[in-house]
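For reference, the structure is listed below as structure tokens.
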Amino acid sequence: MKLFTDNRQTRSYLMKKFEAVGISPQTRLGQNFLIDLNLLRLLYESGNIESNDVVLEVGTGTGALTALLSDTAAAVITVDVDPVMQELARQELFGRENIRFLQMDILKNKNTLRSEVLDAVYNELDKVGLNGERRKFKLVSNLPYCIATPLISNLLRSSVPPVLMCVTIQKELAERITAEPATKDWGALSLWTQSQCWTEIVRIMPASVFWPRPKVESAIVKLILDEKRRNKIPDLDFFNEFSRAIFFHRRKFLRAGLCGMFKRTIPKQRIDEIMEKMQFNPNTRAETLPLKTMQKLCELCRQELLKLPEKERKIF
């Protein structure tokens, strides 16, 4: 049952709708609505939604994308922190039984997702799909800028990460996710996402395609999980922590960074031995190292920490 006509999610439609109910967009909550219908459709199509998919949407808004997802997916879990906005979406999407609405902040804190959201997703994943096939977990969303990094990062830390993530985010963040080594954008987020996913920018979007207009350009970015890459990481939590720490002072020489990271655990002499084993010169910087080299360096450091009592295995 398709409830939406082509005037849905245009600027004029939204302005009239909001005026009728006496509300206005709250930019502090990241309420910048994608009003270009072609780009809204592109976001949906880039998610490659199939009939056995369980789709997580963060930022329900008025439900325009939710409706497209609901037309195809087995189940849609849609989350919004704004109770008024989600009530509007509930009314517009009334009768769609494959949608579950959750009104909450998806982040419990910076490093933790709400268990209620993950439980809802996992509950749907446990159901038998069409023709007995396993259901697949995807994230497709017009994300509020303020939650994009912790959401993507924490989903990749979860026990069942999405097989695909397709989201609108700030252009600068998209460039960091897809960055090449030895460029200004190569950093902790690049290392973390590319260690597990294939990444690409689908489309750069000007501020004019949103209402209200944000102060920055945006992008549709796509991340496809590569389980072989992910399974090669012996300790995901340690690699996540290492990725952030190694770029904490990105302009430092690598040796100085490693000595600072492990000053209470790995002696400088052993750091020098690791540097020599990796054939690094004294002027090597973390920002120049490619993914596989970073992973090898991380594992050598982890193996050193495993020689210590568990409570002493710390970075910083």
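Key figures
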| quantity | calculated |
| --- | --- |
| Count of residues meeting criterion [of a type in the set (A, V, I, L, M, F, W, C), more than 9 Å from the chain's Cα centre (by Cα) and under 21 Å from PHE210 (Cα atoms)] in the range 153-175 | 3 |
| Residue selected from the range 21-33 under the condition out of contact with any strand residue (DSSP E or B) (no Cβ under 6 Å at 6 or more places or on another chain) and either assigned to a strand (DSSP E or B) or aliphatic (A, V, I, L, M) (or both), by the criterion farthest from ARG203 (Cα to Cα) | VAL21 |
| Residues of the range 271-291 classified as surrounded by fewer than 11 Cβ atoms within 10 Å (Cβ to Cβ) and either among the aliphatic types (A, V, I, L, M) or more than 19 Å from PHE248 (Cα to Cα) (or both), total | 3 |
| The range 105-151, subset aliphatic (A, V, I, L, M), in a loop (DSSP other than H, G, I, E, B) and modelled with pLDDT of 95 or more, residue nearest to ILE224 (Cα to Cα) | LEU143 |
| Qualifying residue in the range 300-316 (condition: modelled with pLDDT of 95 or more, under 26 Å from the mean Cα position of the chain (by Cα) and not small (Gly, Ala, Ser)) | yes |
| Candidates THR149, THR199, THR178 - the one that is without any contact (Cβ under 8 Å) to a residue 40 or more places away in the chain and either in the same structural domain as LEU289 (by TED's automatic domain parsing) or under 15 Å from the mean Cα position of the chain (by Cα) (or both) | THR199 |
| Residues of the range 16-27 that turn out to be without any contact (Cβ under 8 Å) to a residue 24 or more places away in the chain and either under 19 Å from PRO214 (Cα atoms) or outside the structural domain of ASP82 (by TED's automatic domain parsing) (or both), as a count | 2 |
| Unique residue being surrounded by fewer than 21 Cβ atoms within 10 Å (Cβ to Cβ) and outside any helix (DSSP H, G or I) when the list is PHE94, PHE18 | PHE94 |
| The range 246-270 residues that are assigned by TED's automatic domain parsing to the domain that holds CYS301 and surrounded by 14 or more Cβ atoms within 10 Å (Cβ to Cβ), paired with ones that are aliphatic (A, V, I, L, M) and part of a loop (DSSP other than H, G, I, E, B) (beta carbon under 6 Å, 6 or more apart) | MET261/ILE315 |
| Residue in the range 286-295 that is among the small types (Gly, Ala, Ser) and out of contact with any Leu (no Cβ under 8 Å at 6 or more places or on another chain) present | no |
| Number of the exception - ASP36 against (1) buried (at least 16 other Cβ atoms within 10 Å of the Cβ); (2) in contact with a Ser or Thr (Cβ under 8 Å, 6 or more places away or on another chain); (3) under 26 Å from VAL202 (Cα atoms) | (2) |
| Unique residue being within 20 Å of ASP53 (Cβ to Cβ) and among the aliphatic types (A, V, I, L, M) when the list is VAL216, VAL163 | VAL163 |
| Residue count for the range 298-315, restricted to those that are touching a residue at least 40 places away in the same chain (Cβ under 8 Å) and surrounded by 12 or more Cβ atoms within 10 Å (Cβ to Cβ) | 10 |
| Residue in the range 39-69 that is farthest from LYS138 (Cα to Cα), counting only those that are assigned to a helix (DSSP H, G or I) and touching a Ser or Thr at 6+ places or on another chain (Cβ under 9 Å) | LEU39 |
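The values are calculated or read from the model by the stated rules, or taken from the named source; none is laboratory data. The shown structure was predicted, so the numbers you read here are calculated from the model rather than taken from an experiment. All Cβ positions, glycine included, derive from the backbone under ideal geometry; neighbour counts span all protein chains shown.
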